[in-house]
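The values are calculated or read from the model by the stated rules, or taken from the named source; none is laboratory data. Bear in mind that the values here come from a model prediction, so they are computed numbers and not experimental data. Cβ placement follows ideal geometry from the backbone for every residue including glycine, while neighbour counts extend to all protein chains displayed. All accessible areas refer to the heavy atoms of the entire protein, side chains included, with ligands and DNA or RNA removed. Shrake-Rupley method; radii C 1.70, N 1.55, O 1.52, S 1.80 Å.
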Amino acid sequence: MNWKDLAKYFIHGLVFSILFLILGVAWAFVFAFLVVVGFIIGLVIGFGLLFLIVGFLNSTITSFLWFEVKTSFLDLFLHGLLFFIVLSAVNGIIVTVPSLVFPGIATTLTTLVIVTFLNGFVGKRVAGWWEQEYSRGIPEAVEAEWKDKNL
C-alpha cells in the first residue's frame, strides 16, 4: 500500500460520507412519507430504497477511483445491503466505543478521520464482490490460425 492508495481510501470514504449525508436526508423524507402512506409496505420500500442508494453511491465512487462495478438492480440492492450492514458494524464500533469512553470534540474528530479511511477501505472491499469482469477478445490472427487447423 502506498500514499496514493491511502489518499484514494480517504477520498472514497469522504465522498461516500458527504453524498450519503445529502441523499440520506432526502431519503428520510421519502421514507417518512412511505411509512405514513403505506405502513409496512412503505417501510419495506423505504429500506429497499436506502439499500439501492447505498449500493449506487458506492458503485459509482468505486468506478471512479478503483474499478468498474456491476450495476444491475439486484446487484445494487445486494451491494447496498451488505455495505450498509458492514458500515453499521464498523462505524458502531469505531465511533461509538471511543466516544463513550472519552467523550469530547477531540475524540469525535479523531474517530471521524479514522472512520473515513475505514469507510473507503470497506467500500472498495465490498464493491470487489461486484467487480465487472471483462472477457478479453481473441486476436484475429489466433482465430485465423485456429480455423486453418480446424480447432
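Key figures
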{"quantity": "Selection from Asn91, Asn119, Leu23, by position along the positive dipole direction of the chain (Cβ)", "calculated": "Asn91"}
{"quantity": "Relative packing of 44-51, 127-134, which averages over residues the other C-beta atoms within 10 Å, highest first", "calculated": "44-51, 127-134"}
{"quantity": "Dipole magnitude of the chain, debye to nearest 20 (Cβ charges: Lys/Arg +1, Asp/Glu -1, about Cα centre)", "calculated": "400 debye"}
{"quantity": "Volume in Å³ per residue [convex hull over Cα atoms, computed for the chain]", "calculated": "173 Å³"}
{"quantity": "Fraction of accessible area attributable to carbon and sulfur, the chain (%, probe 1.4 Å)", "calculated": "74 percent"}
{"quantity": "Structure-based [θ]222 nm, the chain - -39500 (n - 2.57) summed over DSSP H runs of at least 4, per residue, nearest 500", "calculated": "-28000 deg cm²/dmol"}
{"quantity": "Dipole of the chain [Lys/Arg +1, Asp/Glu -1 at C-beta], most positive-end residue of Phe33, Ser72, Gly137", "calculated": "Phe33"}
{"quantity": "Sequence-distant aspartates and glutamates (8 or more away, or on other chains) whose Cα lies within less than 19 Å of Lys8", "calculated": "Glu68, Glu131"}
